[in-house]
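**Student:** Can you keep this structure in mind? I'll have questions shortly.
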Amino acid sequence: MNCQNVVVALTTRDNDYQAEQSASATEVASRLGVKIDVIYANNNAVDQCQQLLKVIQDKAHRPDAILVEPVGTAMYQVAKAAVAAGIGWGILNREADYIPELRRSAPVPVFAVSPDQEEVGRIQGKQLAAVAPEGNILYIEGPSASSASTLRTKGMLSTKPSKVEMKVLKGDWSERAAHQAVKSWLALSTSSQVEIRAVVCQNDAMAMGAREAFANLPAAARERWMNTPYMGCDGVTKTGQEWVRTGKLRATVVIPPMAGLALEMLVKAVSNGSVPPERTLCAPRSFPAMAEL
């Protein structure tokens with residue numbers, strides 16, 4: 001197998017972490033002399049599957065490999081079609097239980113690279129213990145179909161203080177979705193009866209969307225919500241970390257971009273005639289450090 005052309009399939013252009021993913025892949029591709037084509041699915045799982053099937057079926061312009069961060073499920077049928085066509089397959093930021101099966105007979109690399117998503121949640125639980133050790137919090141999760149969302153919640157539940165009660169809302173990783181989720185929650189008569197001690201979100205974009213929804217409240221209510229701690233994760237240098245520095249967020253969890261790392265692993269494995277590890281987990285970290293909260 002060669003590794004001269006790689007498709008990097010990301011979820012959306014409208015997310016700072018996805019922009020970081022693209023930048024990391026572009027930097028590695030330039031350094032290693034690999035041509036990449038970065039495509040986006042606009043947070044639509046069906047569109048993403050169709051995009052990738054079109055790439056796989058284009059015999060004249062097939063890439064050597066696809067690195068994909070799935071919007072919905074881990075896309076077993078698409079992965080199977082890619083491998084059958086001789087295209088390497090790398091999953092980013094997602095669990096994919098079919099990888100061992102495909103690796104047994106695949107003539108191309110099949111692997112997964114992800115942050116330790118449970119540890120992301122565990123760190124958020126510890127941050128919460130330092131900031132708001134009791135009372136009610138709003139917890140905004142990512143999509144139900146996302147293993148990242150499920151694992152982050154599992155980690156959070158394992159470390160959050162026992163006296164914290166979670167009011168769970170759903171989002172799709174975007175500012176817009178979190179803004180709408182909070183707006184809908186505020187419209188409930190019961191929302192005014194609950195004192196919220198912190199707003200914890202499964203990424204920084206949703207934390208900012210939630211904050212903006214509260215910022216649009218009348219002045220009397222707005223002041224209280226602007227003093228509530230907001231917490232997210234992704235921790236991109238120019239957004240999440242900067243929002244912590246400027247006080248818009250109380251804390252975030254820094255998750256290194258996976259696309260560049262996965263591309264580097266892929267190229268190295270192909271050049272050495274080796275196989276990337278089945279699953280690589282990368283360690284997240286608290287920002288600021290726990291001692292500073």
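**Student:** I'd like to check which helices (runs of 4 or more DSSP H) are fully inside the range 70-165 and have at least 3 residues that are within 15 Å of Ala198 (Cβ to Cβ) and at pLDDT 95 or above.
**Tutor:** The helices (runs of 4 or more DSSP H) meeting that bar are 117-131.
**Student:** Next question, about the same structure. So Ala41 ticks every box in (1) hydrophobic (A, V, I, L, M, F, W, C); (2) open to solvent by 60 Å² or more (accessible area, probe 1.4 Å); (3) at pLDDT 95 or above; (4) in contact with a strand residue (DSSP E or B) (Cβ under 8 Å, 6 or more places away or on another chain) but one. Which box is left unticked?
**Tutor:** Among (1) hydrophobic (A, V, I, L, M, F, W, C); (2) open to solvent by 60 Å² or more (accessible area, probe 1.4 Å); (3) at pLDDT 95 or above; (4) in contact with a strand residue (DSSP E or B) (Cβ under 8 Å, 6 or more places away or on another chain), the lone unmet condition for Ala41 is (2).
**Student:** List pairs: first residue in the range 158-171 and crowded, with 20+ Cβ neighbours inside 10 Å, second residue assigned to a loop (DSSP other than H, G, I, E, B) anywhere in the structure, Cβ distance under 9 angstrom, at least six positions apart or on different chains.
**Tutor:** Every condition considered, the pairs that remain are Val164/Ala132; Val164/Pro133; Val164/Glu134; Gly171/Gly142; Gly171/Pro143; Gly171/Gln202; Gly171/Asn203.
**Student:** If you don't mind, another one. Give the residue, chosen from Lys170, Lys183, that is among the basic types (Lys, Arg), within 16 Å of the chain's Cα centre (by Cα) and either over 15 Å from Gly121 (Cβ atoms) or modelled with pLDDT under 95 (or both).
**Tutor:** None of the others qualify; the one that does is Lys170.
**Student:** Criterion first (at pLDDT below 95, more than 21 Å from Val113 (Cβ to Cβ), of a type in the set (Lys, Arg) and open to solvent by 60 Å² or more (accessible area, probe 1.4 Å)) does Lys59 satisfy it?
**Tutor:** The answer is yes for Lys59.
A quick yes/no check of all residues on (1) within 13 Å of Leu263 (Cβ to Cβ); (2) open to solvent by 60 Å² or more (accessible area, probe 1.4 Å); (3) of a type in the set (Ser, Thr, Tyr):
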residue	(1), (2), (3)
Asn2	no, yes, no
Val6	yes, no, no
Asp14	no, yes, no
Gln21	yes, no, no
Ser24	yes, no, yes
Arg31	yes, yes, no
Asp37	yes, yes, no
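**Student:** Then there is this: Taking Leu261, is it touching a residue at least 24 places away in the same chain (Cβ under 8 Å) and either within 18 Å of the chain's Cα centre (by Cα) or buried (at least 21 other Cβ atoms within 10 Å of the Cβ) (or both)?
**Tutor:** yes
**Student:** Still on this model: What pairs come out if I take residues in the range 11-24 that are farther than 16 Å from Val71 by Cα and pair them with residues that are modelled with pLDDT of 90 or more and part of a loop (DSSP other than H, G, I, E, B) whose C-beta lies under 8 Å away, six or more apart or interchain?
**Tutor:** Filtered contacts from the range 11-24: Glu20/Val236; Glu20/Pro257; Ala23/Pro257; Ser24/Pro257.
**Student:** Let me ask something else. Six or more apart or on different chains, Cβ under 9 Å: which pairs go from a residue in the range 247-258 that's crowded, with 24+ Cβ neighbours inside 10 Å and among the hydroxyl-bearing types (Ser, Thr, Tyr) to one that's modelled with pLDDT of 95 or more and in a helix (DSSP H, G or I)? Could you list them?
**Tutor:** Thr252/Gln127; Thr252/Asp204; Thr252/Ala207; Thr252/Gly240; Thr252/Gln241; Thr252/Trp243; Thr252/Val244
The values are calculated or read from the model by the stated rules, or taken from the named source; none is laboratory data. What you see is a predicted model; the values in this text were computed from it and never measured. Methodologically, a virtual Cβ is constructed for each residue, glycine included, from the backbone with ideal geometry; neighbour enumeration extends over all protein chains shown. SASA here: full protein model, heavy atoms, side chains in, ligands and nucleic acids out. Shrake-Rupley method; radii C 1.70, N 1.55, O 1.52, S 1.80 Å.
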